[in-house]
Amino acid sequence: MKEQPSRVKNLGYATVAAQSGCLNIFIILGALILGLALDAAFGLKGPFTVALLLLAVPLALFVMVKLALSAVKQIQPPPNKPQRPESRKEEG
């Protein structure tokens, strides 16, 4: 038996899709912090930070799109309401 779509379930999936955008911030901030730490450890002024940020941006976008699409794919449309037949007026 096929399960009927639930509004709460669909809102949960929509929330996951929206929160996948917040994951971008964490990925990019992580790359920034790691790059700054590596630059400080090796006494350099920026190559690790720039390189990690350049790698983190496409990675973050890819992860965001994958999460959003997987969440949106699971959303089920509401069931169609049965159409009432229109009453026809007899011409006469």
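The values are calculated or read from the model by the stated rules, or taken from the named source; none is laboratory data. Source: prediction; values computed, not measured. Note that we place each Cβ from the backbone using ideal geometry, even for glycine, and neighbour counts take in every protein chain shown.
Looking only at residues in the stretch 37-48 that are at pLDDT 95 or above and not hydrophobic (A, V, I, L, M, F, W, C), which one is surrounded by the fewest Cβ atoms within 10 Å (Cβ to Cβ)?
Step by step, filter the stretch 37-48, then rank; the result is Gly43.
Just for the stretch 49-92: of the residues that are among the small types (Gly, Ala, Ser), modelled with pLDDT of 70 or more and more than 19 Å from Arg7 (Cα to Cα), which one is surrounded by the fewest Cβ atoms within 10 Å (Cβ to Cβ)?
This residue is Ala51.
I'd like the residue in the stretch 12-56 that is touching a Lys or Arg at 6+ places or on another chain (Cβ under 9 Å) and not charged (D, E, K, R) and, out of all such residues, is farthest from Ile75 (Cα to Cα).
Checking each candidate, the answer is Ser20.
Which one of Lys45, Lys9 is under 20 Å from the mean Cα position of the chain (by Cα) and basic (Lys, Arg)?
The conditions single out Lys9.
Results for (1) free of Cβ contacts under 8 Å to residues at least 60 places away in the same chain; (2) touching a Phe, Trp or Tyr at 6+ places or on another chain (Cβ under 8 Å); (3) of a type in the set (Phe, Trp, Tyr), shown as yes or no for each residue.
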site: Gly35; (1), (2), (3): yes, yes, no
site: Leu55; (1), (2), (3): yes, no, no
site: Ser70; (1), (2), (3): yes, no, no
site: Lys73; (1), (2), (3): yes, no, no
site: Pro77; (1), (2), (3): no, no, no
